[in-house]
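Nothing in this text is a laboratory measurement; each read-out follows from the coordinates by a stated rule. Computed from a prediction, not measured in an experiment: that's the story for all the values here. Cβ atoms come from the backbone with ideal geometry, glycine included; neighbour counts cover every protein chain shown.
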């Protein structure tokens, strides 16, 4: 059941690490899917983005890599006729913050994020300081724009130590950042404050906030709903239980990776987090 990582894939999702696809920016196509009135899911190279447009300007959740910034801007201009006024970073990884500096420099966009996002980006000497969040928060943040109330809330020690979820209350659209990898094993950045139990608790909290009609733009993977998110939680809990059982039986990590997970999880491996790496995270 073990699957090899593709050679073109990163060994880390650090701020500046880029997958091969991101370097070939001419090959990237930024696509859109309107999920509610004037709210779009944008995809390209990196984490999924959410765009809201209206009388109060364009609000963008995450902005992928620097190499595709101009393509993102062109798509947004095509859809709204506007430049980006606000950017909200769900966390600090490069596939979510990489275009910050481009938008700040070229469109005077204001960037918002949790305190820990700015702290981590500030510690990276290679990160363009123009892309640092100008406004940070420690718990919650609320925007009243484009005829909606947008709730941003911090969820501690999950994917990283600076994760935020964004919920458009009236449109009933949620962007949980990388607290949701739809139909695939997640990356949990244990070196940057991530935590498996915290990740599961955060997913449970988000599920308790939404309903069956909520549209979910996951950090990675296709557009989703509550049932999809519940299936993701089931995978998290059951695979963790399987690995916990192996540990209780005295298996080493190598032995656990050799045994592998139940066959029903075969389809959850992907190019960055295959079964072996997910077991390593859980062990």
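How far apart, in nm, are two points set 7 Å out from the Cα along the Cα-to-Cβ line at residue 74 and at residue 31?
For the pair residue 74/residue 31, the computed spacing is 1.7 nm.
If you take the beta carbon distance between residue 128 and residue 55 as r and set R0 to 25 Å, what does 1/(1 + (r/R0)^6) give as a FRET efficiency, to the nearest 0.05?
The value I calculate is 0.20.
What whole-number distance in Å separates the alpha-carbon centres of the stretch 133-189 and the stretch 230-277?
The stretch 133-189 and the stretch 230-277 have Cα centres spaced 27 Å from each other.
Which shape class, rounded, prolate or oblate, goes with the stretch 20-230 when its Cα gyration tensor gives a ≥ b ≥ c as root eigenvalues, a/c under 1.5 marks rounded, and past that a/b bigger than b/c marks prolate?
Taking the square roots of the gyration eigenvalues as a ≥ b ≥ c, the stretch 20-230 is rounded.
So how much slack lies between residue 233 and residue 266, counting 0.36 nm per residue of separation and subtracting their Cα-Cα distance, in nm?
Separation in residues times 0.36 nm, less the Cα-Cα distance, equals 10.3 nm.
What's the percent breakdown of Cα-Cα distances in the stretch 99-180 across 5 Å bins, shortest bin first?
Computed distribution, short to long bins: 3, 15, 21, 23, 22, 13, 3, 1.
Give, in nm to one decimal, the length gained when the segment between residue 280 and residue 82 is fully stretched (0.36 nm per residue of separation minus the Cα-Cα distance).
Gain on stretching residue 280 to residue 82: 66.8 nm.
If we restrict to alpha carbons, what Rg and Dmax does the stretch 20-89 come to, in Å?
In Å, with Rg to one decimal and Dmax whole: 11.4, 38.
Expected output is a single nm value to one decimal: the length gained when fully extending between residue 110 and residue 147, i.e. 0.36 nm times separation in residues minus the C-alpha distance. What is it?
11.4 nm
Between residue 249 and residue 204, take the C-beta separation as r, use R0 = 30 Å, and let me know the FRET efficiency to the nearest 0.05.
0.65
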